[in-house]
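See below for the structure under consideration.
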Amino acid sequence: MGKIDTAYRRLFGHPVMVRDLMACALPAALFDALDWGGMRAVPTHYVSDRLKKRSGDIAWLIPYRRDPGQPTPPRHLCVLLLLEHQSTSDAAMSLRAAVYTGLAYQLLLRNRDIEPPLPPVLPVVLYGGDRPWRASRDMSGLVAAVPDDLRPYQLQMRYLLIEERLLLQASDLSDTNLAALLFRMGSHRDIEQWRALLHTVMQATQGPEFKELKRSITAWLLLMAQSNAGLSEALPVVNSLEELDMMISEKPGIWAQQWKLEGKQEGIREGQADLLLRLIERRFGAVPDAVTQRIHDADESALTFWSLNFVDAATLEDVFRG
């Protein structure tokens, strides 16, 4: 997961990837109102040592376009990308978004990147899990019910959630949108379709301006290929999309066989997990998020053992005994 997180942060350290990602999620009017050519990255060194095991975030300052016929807009929109790659949602994500936002404002003020009045902020959570995001998207879902007199004093924060799996189901995305293309490649287990998408990415990144981005894409795709193909040995280091394509083409049969085998095994495991969750919910009621995560993260042997326990289990705890 550490390598994947690093690869994602490297990908979205490129302005074109941020622009294409936001094109998938923002309303057209807001997307068009932003000057994507003028965006610039700002430092995010406020992630402290105690947070070093969490995914880092990427901050950008993006100017608004000037429209003479409209009131003067804020000078910048600060886009905070919180890249989360977990199998389940994070119940405290709205609180984390609030903390990151406050720290970002402090750092930007200290570095004189912004000045009061503070620019509006758009916290974005990019979620790559297979299951629907369950966590509340604003602080109201975390704070207990309060009297009306106390409500004005409660912390408020809401984030924009981008679910990769839902983007994959969208039919109106551009065929040249790099974010959508890479998400599709991350989900495909058919080697021929994967290579076809690879060729599309190669066509979309022609030109010297894409040199560094292509290196980042190559590193990310290499991780995806290693994972999806289920190869036991590490792949050779490649430095370009062309080299990656050539490496796969040298032994297409082995890649295709491994790819399909891994996909079949993963499908069996997911089926076991879904069935066990449905059985537990039917007997014991709503399944806690922690139990759902534990089941989704389990391997086939654990799922088989718990399924046998379920037959005689009188309580939910009995399912996981032993």
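One table, with the values for the structure above:
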| quantity | calculated |
| --- | --- |
| Within segment 91-130, tally of residues that are over 22 Å from Leu26 (Cα atoms), open to solvent by less than 70 Å² (accessible area, probe 1.4 Å) and charged (D, E, K, R) | 1 |
| Complete set of residues in segment 168-196 that are among the small types (Gly, Ala, Ser), open to solvent by 10 Å² or more (accessible area, probe 1.4 Å) and either modelled with pLDDT of 80 or more or in contact with a strand residue (DSSP E or B) (Cβ under 8 Å, 6 or more places away or on another chain) (or both) | Ala196 |
| Meets criteria (open to solvent by 30 Å² or more (accessible area, probe 1.4 Å), over 27 Å from Leu277 (Cβ atoms), acidic (Asp, Glu) and free of Cβ contacts under 8 Å to residues at least 24 places away in the same chain) for Asp149 | yes |
| Any hit, segment 19-39, residues being among the acidic types (Asp, Glu), at pLDDT 90 or above and under 18 Å from the mean Cα position of the chain (by Cα) | yes |
| Spans of helices (runs of 4 or more DSSP H) in segment 107-211 with at least 1 residues within 24 Å of Ala290 (Cα to Cα) | 164-169 |
| Every residue from segment 264-322 that is polar (S, T, N, Q), open to solvent by 30 Å² or more (accessible area, probe 1.4 Å) and closer than 22 Å to Arg134 by Cα | Gln272, Gln293 |
| Scope segment 268-314; condition at negative phi and not in a helix (DSSP H, G or I); matching residues | Ala286, Val287, Pro288, Ala298, Asp299, Ala313, Ala314 |
| Total residues in segment 103-142, condition farther than 27 Å from Ala180 by Cα and at pLDDT below 90 | 20 |
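The values are calculated or read from the model by the stated rules, or taken from the named source; none is laboratory data. These figures come from a predicted structure and were not determined experimentally. As a convention, Cβ positions derive from the backbone with ideal geometry for all residues, glycine included, and neighbour counts pool all protein chains shown. We work out accessible area using only protein heavy atoms, side chains counted, and drop any ligands, DNA or RNA first. Shrake-Rupley method; radii C 1.70, N 1.55, O 1.52, S 1.80 Å.
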